[in-house]
Amino acid sequence: MNAEQQEEWRSTQPQRRPQRTDVRERLLAAAADEFTERGYAAAKLTDIADRAGFTKGAVYSNFDSKQGLFAELLAQRSLDLAARVLAHVSDLDPQAAAGAGGGEIASWVVAEPRWPLLTVEFGILAGRDPVVAERYRTDRRALRSELERLIADRAVQWGVGEAFDARRLAMSLAALISGLAVEHSVDPEEVDRSVIADAVSELFAGAIARAHLD
């Protein structure tokens, strides 16, 4: 059977229906492109569905709203970053980890500046819309809780688990990254990778120093 005959044969075969997990992953990938290109407010579910090769109904079969889709995507990206940073510093002592962690986060902010900005945009909308605010609070609290858990696990390995305030660091880190991302987007020459890395590293170092003093 030659290539033309194989193509003709394939076209007559019943198409396999995508699995739900496949549909969900394709929608998340399409949403990532749409949100980063257009921003949260301008992104449309119809366009996200078109990018993924589905109808708008497929979006609502997997996510309850645009807020829900964005929140899951943002949480996924944020936790992926946190896991990557913590894996990067897993074999380092606390002081070296502070520097390496700051550098890793700075590299991400510079490489993907639109993601932290999307968080800020979503937060601004939440300040004006009670429905968005409820979703934003719920998801950000869940994200900070998971980040707190990851940090606490690392603190135990560093031998400062009982004295280390993982919750405080998780909250401060999330706020700091958002602020630095905004400043970097407006003035990337002044607020460059080294400035971002230093700011995050100093936050980590301060938290570690307090734990040793307590």
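The values are calculated or read from the model by the stated rules, or taken from the named source; none is laboratory data. What you are looking at is a predicted structure, and each value in this text was computed from that prediction instead of being measured. FYI the Cβ positions are ideal-geometry reconstructions off the backbone, even for glycines, and counts take in every protein chain you see. Please note that ligands, DNA and RNA were not included when accessible areas were found on the heavy atoms of the full protein model with its side chains. Shrake-Rupley method; radii C 1.70, N 1.55, O 1.52, S 1.80 Å.
Suppose the filter is part of a helix (DSSP H, G or I), open to solvent by less than 60 Å² (accessible area, probe 1.4 Å) and closer than 22 Å to Asp139 by Cβ; does Gly68 pass it? Talk me through it step by step, then tell me what you get.
On the way: part of a helix (DSSP H, G or I): yes; open to solvent by less than 60 Å² (accessible area, probe 1.4 Å): yes; closer than 22 Å to Asp139 by Cβ: yes.
Answer is yes for this residue.
What are the pairs, 6+ residues apart or on separate chains, where a residue within the stretch 27-47 that is open to solvent by less than 10 Å² (accessible area, probe 1.4 Å) has its Cβ under 7 Å from a residue that is β-branched (Val, Ile, Thr)?
Leu27/Ile48; Leu27/Val59; Ala30/Ile48; Ala31/Ile48; Glu34/Ile48
Results for (1) closer than 21 Å to Ala83 by Cα; (2) modelled with pLDDT of 85 or more; (3) not polar (S, T, N, Q), shown as yes or no for each residue.
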residue: Phe122; (1), (2), (3): no, yes, yes
residue: Ala126; (1), (2), (3): no, yes, yes
residue: Asp139; (1), (2), (3): yes, no, yes
residue: Ser178; (1), (2), (3): yes, yes, no
residue: Ala181; (1), (2), (3): yes, yes, yes
residue: Glu189; (1), (2), (3): no, yes, yes
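Does any residue of the stretch 175-185 turn out to be touching a Gly at 6+ places or on another chain (Cβ under 9 Å) and not polar (S, T, N, Q)? Break it down stepwise before answering.
Here is the first cut: in the stretch 175-185, the ones touching a Gly at 6+ places or on another chain (Cβ under 9 Å) are 178.
Filter again for not polar (S, T, N, Q), leaving none.
So far as the stretch 175-185 goes, no, none of its residues is touching a Gly at 6+ places or on another chain (Cβ under 9 Å) and not polar (S, T, N, Q).
Do you know which residues across the stretch 50-65 are open to solvent by less than 30 Å² (accessible area, probe 1.4 Å), closer than 30 Å to Ile177 by Cβ and part of a helix (DSSP H, G or I)?
Ala52, Val59, Asn62
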